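One structure below.
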Amino acid sequence: MPYSVPEPKFFACTQSTVLGEKIAKAFGVELGNIIFSRYSDGEFQPSFEESIRGTRIFIIGSTHPGPENLMEMLLMIDGAKRASARHITAVMPYFGWARQDRKDKPRVPIAAKLVAKMLETAGATRIITMDLHADQIQGFFEKPVDHLFASTLFLPYLQNLGLENLTIASPDMGGSKRAYAYSKALDSDVVVCYKQRAKANVISHMELIGDVQGKNVVLVDDMVDTAGTLTKAADLMIERGAVSVRAIATHGLLSGNAYEKIEKSKLTELIITDSIPLEIKSDKVKVLSCADLFADVMHKVHNNNSISSKFLM
């Protein structure tokens, strides 16, 4: 009898259960049964409570710090490998530790490369992720990486706003390429913020390159952590005559006093995806779900169809 490819199975790490359920529903299946046993000292063990032998499985989980989220993903991949899964795809909407993609000073690790090697050693045969902090992280892997872009979600949202005199802004020099890509798609102007940091997450000085007088500005970034950069940039642009300032950021880490900064800032709204669970509700924070995007790509991957239409920028 000819071999028939079994239907894929979906499993979610504990921190991404809600998103995993959304993705599975959009795909047309239910999440698989997995149990986490925990010891009193904090050690944990995942157990697949159904057969996955010979199947393609998708393990959904963002690996934002702390390290427990990454460890969950690694243990689930290893467990799936030892249970004879045929293909093991790590679906990581947010790829954690990606800011450490190079040595920016002596005697520091390149954590993004280390994470890539750990995922492959554990047994991942494919990676699906979204808006990596640096595109070149794909080169740290020897396995296929499908690097999706949240622009497929953000561009329709911005177009539906119908903003006049729209200007796209980058909150720093490193994000200027992303800002130019958005400006090309939206046929708008571009401005760039130049910032200097006293230390990590602390900005000592910021200047604006470009004119925002009378403009509706949209700041574009890949992630928002303490929100210091975005809120400082928004306040600066309002001072320079901008009519309104919005921000879009794929990954809403929102650590420390980020919510307080956002509420006090001149930002009209912050638009993020649900790649990371939102801990606190805020009237200024709008969440767009990436579930349909991932479900569509996972369906195409399983059926060996092209996903190039999802790479807008």
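The values are calculated or read from the model by the stated rules, or taken from the named source; none is laboratory data. Predicted model only: the values in this text are computed from it and were never measured. Neighbour counts are summed over all protein chains in view; Cβ atoms, including those assigned to glycine, are modelled from backbone coordinates with ideal geometry. Areas reflect the complete protein model, heavy atoms only, side chains present, ligands, DNA and RNA absent. Shrake-Rupley method; radii C 1.70, N 1.55, O 1.52, S 1.80 Å.
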Flag if Ser37 is over 23 Å from the mean Cα position of the chain (by Cα) and not aliphatic (A, V, I, L, M): yes
Matching residues in segment 87-133 - criterion: being in contact (Cβ under 8 Å) with a residue 60 or more places away in the chain and charged (D, E, K, R): Arg126, Asp131
Do we find that Phe311 is under 18 Å from Ala150 (Cβ atoms), surrounded by fewer than 16 Cβ atoms within 10 Å (Cβ to Cβ) and aromatic (Phe, Trp, Tyr) in this structure? yes
Residue hits (segment 249-274; under 14 Å from Leu219 (Cβ atoms) and in contact (Cβ under 8 Å) with a residue 40 or more places away in the chain) are Thr250, Leu270, Ile271, Ile272
Which of the residues spanning segment 162-197 are in contact with a strand residue (DSSP E or B) (Cβ under 8 Å, 6 or more places away or on another chain) and hydrophobic (A, V, I, L, M, F, W, C)? Leu163, Leu166, Ile168, Ala169, Met173, Ala179, Leu186, Val190, Val191, Val192, Cys193
Any idea how many residues of segment 137-179 are over 24 Å from Ser308 (Cα atoms), touching a Phe, Trp or Tyr at 6+ places or on another chain (Cβ under 9 Å) and open to solvent by less than 20 Å² (accessible area, probe 1.4 Å)? 2
Test of understanding: among Thr125, Thr121, which residue is β-branched (Val, Ile, Thr) and open to solvent by less than 70 Å² (accessible area, probe 1.4 Å)? Thr125
Look through segment 1-19, keep the residues that are farther than 17 Å from Ser275 by Cβ and at pLDDT below 95, and return whichever of them is least open to solvent (accessible area, probe 1.4 Å). Pro6
Of the listed residues (Asp221, Asp211, Asp187), the one being closer than 23 Å to Gly96 by Cβ and among the acidic types (Asp, Glu) is Asp221
Out of Ser37, Ser62, I need the residue that is in a strand (DSSP E or B), open to solvent by less than 60 Å² (accessible area, probe 1.4 Å) and either in contact with an Asp or Glu (Cβ under 8 Å, 6 or more places away or on another chain) or of a type in the set (S, T, N, Q) (or both). Which one? Ser37
Which of the numbered conditions does Val29 fail, given that it passes all the others? Conditions: (1) exposed (fewer than 15 other Cβ atoms within 10 Å of the Cβ); (2) part of a loop (DSSP other than H, G, I, E, B). (1)
Report yes if Ala90 is of a type outside the set (Asp, Glu) and closer than 20 Å to Asp296 by Cβ, otherwise no. yes
